[in-house]
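Notes to accompany the following structure.
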Amino acid sequence: MNSHRLTKMASLLLVGISSFALQAAASEPTVVPEQPPFPAQGKITFVPRDSIAEFKALPEYKEPTWVTEKYVKAGKLPPVAERLPKEPMVFQTGNMPDGVGVYGDTLRHVIGGRPEGWNYSAGQSQGWGGIDIGMSECLTRTAPLFQVEAKDVEPLPNLAKSWDWSADGHKLTMHLVEGAKWSDGDPFDAEDVMFYWEDNVLDPSVTPLNGATPETFGEGTTLKQIDTYTVEWTFKEAFPRQHLYAMAYGTFCPGPSHILKTKHPKYAGTTYDQYKNGFPAEYMNIPVMGAWVPVAYRPDDIIVLRRNPYYWKVDEAGNQLPYLNELHYKLSTWADRDVQAVAGSGDFSNLEQPENFVESLKRAADEAAPARLAFGPRLIGYNMHMNFSANGWGEPDERAQAVRELNRNEDFRKAVTMAVDRKKLGEALVKGPFTAIYPGGISSGTSFYDRQSTIYYPYDLDGAKALLEKVGLKDTDGNGFVNFPSDKLGGRDVEIVLLVGSDTGTDRNLAEGIIGQMEKLGLRVVLNAMDGKQRDAANYSGRFDWMVHRNQAEFASVVQNTPQLAATGPRTSWHHRAPEGGVPDLMPFEKELVDIVNKFIATNDNAERAELMKQYQKVATTNVDTVGLTEYPGALIINKRFSNIPTGAPILMFNWAEDTIIRERVFVAADKQADFELFAEQLPGKPGESGPSN
Ligand code: GLA
C-alpha cells in the first residue's frame, strides 16, 4: 500500500471514528457545526460615512419639466427653490453607482400584505414590502450603513441633520433640517417630533407600528423641544450612542402632527380607536416626509404613490429627488413578488423564500432575463419563540398557562430543541448549499457572530424523549402524545398551539415541519395560521404558546433594534412581555441577557461590545432563549433597467433592501424608460382628497 492510499484510508477511518464519537455524545451541547460555504455575490465597495450625503444650499434647483409647466407656472405650487429647505440633503455623486440620474418611470413592487390604514404612529400597517419605508423619514437613517467602513459605522443624519453631545454625555441636542415641508406644504418642525414622542410613544394607549416604547430609547430618557428646529434628549447613561439606531426606521419616524392631531383624543376629544382608525386605507394623499405619496388604492389590486413635490433631498446638480415619478404596490402574494420580479412584470424582490431559489436562479441565469439576481450573506433566519410569560401576558387559560410553565422549564426547552432535525427542516425548503444549522441567537452573517460562543444541542430524539420524561411528561394513555401529570388539567394530552403567518410559504412549511418532528417526540402541536396582520396582533398581545418568526434586523445587524434582543422593557421582547401595567417575570438567564444587552447599549468600546455579544450568544443558545430553525442567504432581484443600485446590497441588515438601495436616488436611463406610469404628469392631491391633483 503506498503512502498516499494509506493517508486516504486513515482519513476515512478518522472520519468514521469522529462521526461515531459525535453520535455517542449527541445529547451533549457542542459548538455549532461550521456552515457550508456560500459565497455572497457582488462585492461591497466600502466608503467613509461622510461620503454619502451632506446638507448644503446649491446655486440652483431643478425639477421635472412637467412640474414647472403644469403646476408652478399655473400658480398651483411654489417654485422648487421655495419648496426645498434652506439647506437640503445633497447626495454626493461619488457615492452614486451610476451618478446623477434622469427623471421618469415607475418602480413596480408586489407585496403579500394589505394596508390597514395610514396611521403608522398609532400602529397601523401599510402592508410592508417597503411601502411605509418609502413614505416615512426618520431622525436618523441606517440602511445605507452596509457600505460604511466598520470603524466609521454610526447612524446617518436624516431629519436630524446634525447633533451634539454635552460634555458629560447625558444630553444630546439634535438640529432638525430647517424649512423642510410635508408633502402638502405644511412645515416640518419640532412640533411633529414632540407629537410623535409625547402623544404616541409616551402615551400608554398608543403603540406605533414597529413597537416604539419609552424604553426603546433607554429607561428614564426624556425629550424636550428647545426651539422650532431643535430638540434635546436627556439620557441616564453617558454617551449612549447606540440610541441613535432607535431614531432610525421604524421607531422614530414622526407622522404629520397637523393631520394626526385632528383625530387624537388629547386634541380632538375622540377615542383611541377613532384615532388609530381615523385614516383608513381609502384615505388618500396622507402627508408624508418620504419621497412618494399614496394617491390611489384599489383593494386587493394596487396602491399607487406619486412623487412628493416637497421632497427635501437633491442630487449635486440640484435636481430635486426622487428621480422615479411613481411607485406601484401590487397587492398579491409574497411568492408572486419573486415570480413577477424574475419574469419582469414586477421590478423588485427580496428573494427570501428558499422554495423559490432554484427556479428563480435558473430563470435569472438566462442572458436575456429581465432582472438581475444577487445573493448576499446568510442573514435570513427563523426562530421558534416560546411564550415565557407566566404572569398574565395575553391572558392565558389553564392549558396555555400550563404550556408557559413548560416553556420556562430548561429541560423542556432542551428536549424541544434536541428534537428539531434542522438539516431536514432546511432541506425540505431547498436542497443545496443554502440552508445551514442554526441553533438560535444572532445571525452568522453579522460581524458580531462568534461560532465558538454558539451552543448547539445536536439532533437526538431519544435524548429528547428522556428529557421530557424527566420533566414529568409521559404518554399515559398510549396515544403517542405525552400527557400532563394527573393532577394537572385532568392528565390530558399536552397540546401546544403554534402561531404562524399564513402569508409566507416558508413560515408555513417550517411550522408544518416542526409539527411533524414534535409528533415524533410525543408532543401534540396544532397550527394556528393567521394572515400577517392578525399574526402580528396575536404576537404583540401575547396570544400564543409557540410562534414561528422570521428574524428581524436585531439578529441580522445586532446594532439595529438592539433592545429587542432581550426583554429590556415591558413591551420589547418578541416572546416575553408584561401584562398591562406590569413587569415581565424574567428567568435568571433572561436577566443576564437583559444585563448584557443594556451594557452593550451603554458602551462605545468596540472590543467590549464584541465581547458582550459573545456572552449574549452563549447565554441565549445555552439556555435556548429561542429555538433556532434555519438560516440561509437571501437575494436581491431587481429589473435591469434600474441604475444606481449598489452592488452587494444585502436584503436585510440594518433595514430591508427597499431602503438599502436608497430608492430616492434610483433612476432609469432615458433609453430604458418604460411606460408604466398610471398617473403621468400628476402630483398628489390635498390630504383626504381622492386621487392625485390635475
Ligand atoms: C416584508 C417582506 C420583506 C421586506 C419587508 C419590508 O416583511 O417579507 O422582504 O420587503 O416586508 O418591510
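Rule-based calculations on the coordinates, nothing more; no lab input. Here the structure is a predicted model, which is why all the values come from computation and not from measurement. Don't worry about glycine lacking a Cβ; one is built from the backbone with ideal geometry, like all the others, and counts go over all protein chains shown.
Couple of notes before you dig in:
- Shape category assigned to segment 25-153 from the gyration tensor of Cα positions, a/c cut at 1.5: prolate
- Long-range HN-HN contacts of Leu176 with modeled amide H, under 5 Å: Lys161, Thr230, Val231
- The distance separating the Cα centre of segment 235-309 from that of segment 354-370 comes to 37 Å.
- Vicinal HN-Hα couplings computed from phi for segment 86-92 (Karplus, 6.51 cos²θ - 1.76 cosθ + 1.60; Hz; Gly/Pro x): 3, 10, x, 6, 10, 6, 7
- Dipole of the chain [Lys/Arg +1, Asp/Glu -1 at C-beta], most positive-end residue of Asn561, Gly344, Gln242: Gly344
- Three-way shape call for the chain based on the alpha-carbon gyration tensor, with the a/c threshold at 1.5: prolate
- Between helix 505-521 and the chain: long-axis angle, C-alpha atoms, 0 to 90°, nearest 10: 20 degrees
- 0 to 90° range, to nearest 10: angle between helix 606-622 axis and the chain longest Cα axis: 50 degrees
- Using a Förster distance of 51 Å, the FRET efficiency for Ala610-Glu405 (Cβ separation, nearest 0.05): 0.90
- Spacing of the modelled spin labels on Ser447 and Glu154, each 7 Å from Cα toward Cβ, amounts to 1.4 nm.
- Segment 379-423 versus segment 558-629: alpha-carbon centroid distance in Å: 17 Å
- In the chain, helices alone account for a calculated mean residue ellipticity at 222 nm of -7000 deg cm²/dmol, with every DSSP H run of four or more residues adding -39,500 (n - 2.57).
- Cα gyration tensor category, rounded, prolate or oblate, for segment 143-236 with a/c compared to 1.5: rounded
- Sorting Tyr323, Tyr456 from the fewest to the most surrounding beta carbons within 10 angstrom yields Tyr456, Tyr323.
- Taking Cα atoms only, the orientation of helix 461-471 departs from the longest principal axis of the chain by about 90 degrees.
- For segment 186-200, the Karplus equation 6.51 cos²θ - 1.76 cosθ + 1.60, evaluated at θ = phi - 60°, returns couplings of 5, x, 8, 7, 4, 4, 5, 5, 5, 5, 4, 5, 6, 9, 10 Hz by residue, with Gly and Pro reported as x.
- Amide H contacts for Cys138 (H built 1.01 Å from N in the peptide plane; partners 5 or more residues away or on another chain; cut-off under 5 Å): Leu159.
- Neighbour counting of Cβ atoms within 10 Å sorts the residues His576, His258, fewest neighbours leading, into His258, His576.
- Candidates Phe679, Ala620, Leu636 compared by Cα position along the dipole of segment 610-694: farthest toward the positive end lies Ala620, with charges placed on Cβ.
- Calculated from backbone phi, Karplus (6.51, -1.76, 1.60) coupling profile of segment 398-407 in Hz, x at Gly/Pro: 4, 4, 4, 4, 5, 5, 4, 5, 5, 4
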